[in-house]
Amino acid sequence: GIGEVVSALKEPLLIAFSAGSCIAPMPLAIERLEEGLGQPRWAAQLMVPLGISMSRQTYPFVFSFTAVFLAQFYGHDLSMGQVVNLWLLAGLAGMVSVGRMPVVVPMLAYVLEPCGIPVSAGAALFTALGPLLDPLIQTATLIGACAMAVMVGGRRKMPIDVAVLVPASAGEAAS
């Protein structure tokens, strides 16, 4: 269950959060996926690094929430078309954003500018909240990469030996 997953990945997730990096705990996360959760070695070693580098699912959410917050703060009423545009632009800008919060501020401009929201306010917000949000973003990225490894790796190993369940006569008849 979920408790088993949290127990197996507790240390890699704590390292990702405390270091503010999803790359630092990558070897330990791969090890825990293999040994603690029984995922195939190939799936863990392929999907965790690939997931970390390609799965940027957190930045579109951060960009969207920032844009909506600033629109409300400045009293901008967003039309449905602007909201759809905002979500599309946040998704595209978030997918190409790599790095820490202050580094991705230029990508936020692509989301805020079409909605008439001051980009400088977004830059100030990202700079001020970056140290608080970055550990969460990095931890969420590691969780996403581990989830991708589990999805690709398929079912985990059986917690009990299958040979115990199969009678000896059935095993001999099959061979």
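G99 meets the conditions (1) surrounded by 15 or more Cβ atoms within 10 Å (Cβ to Cβ); (2) part of a loop (DSSP other than H, G, I, E, B) in every case but one. The failed one is (1).
What do you reckon, is S53 open to solvent by 30 Å² or more (accessible area, probe 1.4 Å), of a type in the set (G, A, S) and part of a helix (DSSP H, G or I)? I'd like the intermediate steps shown before the answer.
Working: open to solvent by 30 Å² or more (accessible area, probe 1.4 Å): yes; of a type in the set (G, A, S): yes; part of a helix (DSSP H, G or I): yes.
Yes, satisfied.
Based on what the data block shows, is A123 surrounded by fewer than 21 Cβ atoms within 10 Å (Cβ to Cβ), out of contact with any Gly (no Cβ under 6 Å at 6 or more places or on another chain) and not polar (S, T, N, Q)? It is true that A123 is surrounded by fewer than 21 Cβ atoms within 10 Å (Cβ to Cβ), out of contact with any Gly (no Cβ under 6 Å at 6 or more places or on another chain) and not polar (S, T, N, Q). Across the stretch 27-43, the qualifying residues are those that are touching a residue at least 40 places away in the same chain (Cβ under 8 Å) and not in a helix (DSSP H, G or I), and the one among them that is most open to solvent (accessible area, probe 1.4 Å) is P40. A single entry from V84, V104 fulfils the requirement of being part of a helix (DSSP H, G or I) and open to solvent by less than 60 Å² (accessible area, probe 1.4 Å): V104.
The conditions of being within 25 Å of C22 (Cα to Cα), of a type outside the set (D, E) and in contact with a Cys (Cβ under 6 Å, 6 or more places away or on another chain) are met by T141.
Residue-by-condition table, conditions (1) in contact (Cβ under 8 Å) with a residue 60 or more places away in the chain; (2) surrounded by 19 or more Cβ atoms within 10 Å (Cβ to Cβ); (3) among the hydrophobic types (A, V, I, L, M, F, W, C); (4) within 18 Å of I117 (Cα to Cα):
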residue	(1), (2), (3), (4)
Q45	no, no, no, no
V48	yes, yes, yes, no
H76	no, no, no, yes
A93	no, yes, yes, yes
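Reported count of residues in the stretch 8-26, each being in contact with a Ser or Thr (Cβ under 7 Å, 6 or more places away or on another chain), open to solvent by less than 90 Å² (accessible area, probe 1.4 Å) and not aliphatic (A, V, I, L, M), is 1.
Out of A163, A145, A168, one residue alone is at pLDDT 85 or above and out of contact with any Phe, Trp or Tyr (no Cβ under 6 Å at 6 or more places or on another chain). It is A145. Scoring F65 on the criteria (1) without any contact (Cβ under 8 Å) to a residue 12 or more places away in the chain; (2) over 20 Å from the mean Cα position of the chain (by Cα) leaves a single failure, condition (2). Is it true that some residue in the stretch 7-14 is in contact with a Pro (Cβ under 6 Å, 6 or more places away or on another chain) and either part of a helix (DSSP H, G or I) or farther than 24 Å from P106 by Cα (or both)? Scanning the stretch 7-14, I find at least one residue that is in contact with a Pro (Cβ under 6 Å, 6 or more places away or on another chain) and either part of a helix (DSSP H, G or I) or farther than 24 Å from P106 by Cα (or both), so the answer is yes. Answer yes or no as to whether V62 is in a helix (DSSP H, G or I) and open to solvent by 30 Å² or more (accessible area, probe 1.4 Å). Answer is no for this residue. Among the residues of the stretch 107-118, the one identified as without any contact (Cβ under 8 Å) to a residue 24 or more places away in the chain and open to solvent by less than 40 Å² (accessible area, probe 1.4 Å) is A109.
The values are calculated or read from the model by the stated rules, or taken from the named source; none is laboratory data. All values derive from a computational prediction rather than experimental measurement. Cβ atoms come from the backbone with ideal geometry, glycine included; neighbour counts cover every protein chain shown. Calculation scope for accessible area: heavy atoms of the full protein, side chains included, ligands and nucleic acids excluded. Shrake-Rupley method; radii C 1.70, N 1.55, O 1.52, S 1.80 Å.
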